[in-house]
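Everything below concerns the one structure shown next.
The values are calculated or read from the model by the stated rules, or taken from the named source; none is laboratory data. Note that the structure is a prediction, hence the values are computed from the model and not measured. Cβ placement follows ideal geometry from the backbone for every residue including glycine, while neighbour counts extend to all protein chains displayed.
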Amino acid sequence: MTLPTPTLDTARLRLRPVADTDADDLFTLNSDAEVLRYWDSPPWTDRSAVERFLAGSRRMAEDGTGARLVIERGSDQAFLGWCTFNGWNPTFRSASLGYCLSRTAWGQGYATEAAGALLGWAFGALDLNRVQAEADTRNGASARVLEKLGFVREGTLREDCIVNGVVSDSWVYGLLRRDWEKQRTLG
């Protein structure tokens with residue numbers, strides 16, 4: 001079952017399917033050690049990682065397990081990063097959310113805006129009951145994004161990542177449909 005990757009517009013952003021023409025921007029973003037310092041894998045050092053990323057994006061859509069979208073600023077189409085909705089399980093009505101933004105996009109609300117648009121699409125189109133996300137416990141900015149979106153911290157995965165010899169913990173967050181809908185009616 002395929003899952004068509006949407007194009008979503010917000011007040012300031014356009015989220016669109018990842019394309020082969022994004023290769024250079026994706027490599028620049030994912031090879032930045034500062035951007036990936038809290039990621040669960042090391043920065044890219046080989047351009048073949050871009051092809052794997054692009055192939056994985058296509059495979060998610062074809063397999064019907066998720067959608068990965070580029071985040072562009074609406075005013076000038078500048079590449080800001082990407083966000084993903086993956087691990088969709090129609091039986092459990094659940095999925096996971098992730099995002100990665102360039103340093104120039106930090107602190108401007110873009111992650112919250114992009115993830116909010118993707119969540120709105122996913123809850124509306126896929127009959128989700130739950131979305132899960134994880135954040136490195138050292139990444140307070142990502143934790144704030146999730147909490148602004150209504151996610152609740154549910155626990156800690158102790159020493160779940162080892163990247164370049166550095167051991168780290170992750171917080172697990174969950175967002176239920178009823179909490180998403182309640183937040184939307186109040187907000």
TODO: Report yes if some residue within region 100-120 is assigned to a strand (DSSP E or B), in contact with a strand residue (DSSP E or B) (Cβ under 9 Å, 6 or more places away or on another chain) and of a type outside the set (K, R); otherwise report no.
DONE: yes
Task: So D32, is it part of a helix (DSSP H, G or I) and not aromatic (F, W, Y) - done: no
Task: Scan of region 162-183 for residues that are touching a Ser or Thr at 6+ places or on another chain (Cβ under 6 Å) and either more than 14 Å from S142 (Cβ to Cβ) or among the aromatic types (F, W, Y) (or both), ordered by number - done: W171
- [ ] Return yes when F123 is of a type in the set (F, W, Y), in contact (Cβ under 8 Å) with a residue 24 or more places away in the chain, farther than 29 Å from D20 by Cβ and assigned to a loop (DSSP other than H, G, I, E, B) and no when it is not.
- [x] no
Task: Residue that is surrounded by the fewest Cβ atoms within 10 Å (Cβ to Cβ), among those in region 24-37 that are under 11 Å from F79 (Cα atoms) and not hydroxyl-bearing (S, T, Y) - done: D24
Open item on the list: Cβ-Cβ distance below 8 Å, separation of 6 or more or different chains: which pairs start in region 162-174 with a residue that is farther than 23 Å from A115 by Cα and end on one that is among the β-branched types (V, I, T) and at pLDDT below 95?
Closed with: S168/I162
Task: Single match in R37, R47, R52 (criterion: farther than 19 Å from L118 by Cα and at pLDDT below 95) - done: R37
Open item on the list: Condition first: of a type in the set (D, E) and surrounded by fewer than 17 Cβ atoms within 10 Å (Cβ to Cβ). Now tell me which residues in region 126-174 satisfy that.
Closed with: D127, E147, E154, E159, D160, D169
- [ ] Given the conditions (1) in contact with a strand residue (DSSP E or B) (Cβ under 7 Å, 6 or more places away or on another chain); (2) assigned to a helix (DSSP H, G or I), report the number of the one that V172 does not fulfil.
- [x] (2)
- [ ] Just need a number here: residues in region 51-95 that are crowded, with 17+ Cβ neighbours inside 10 Å and not in a strand (DSSP E or B).
- [x] 7
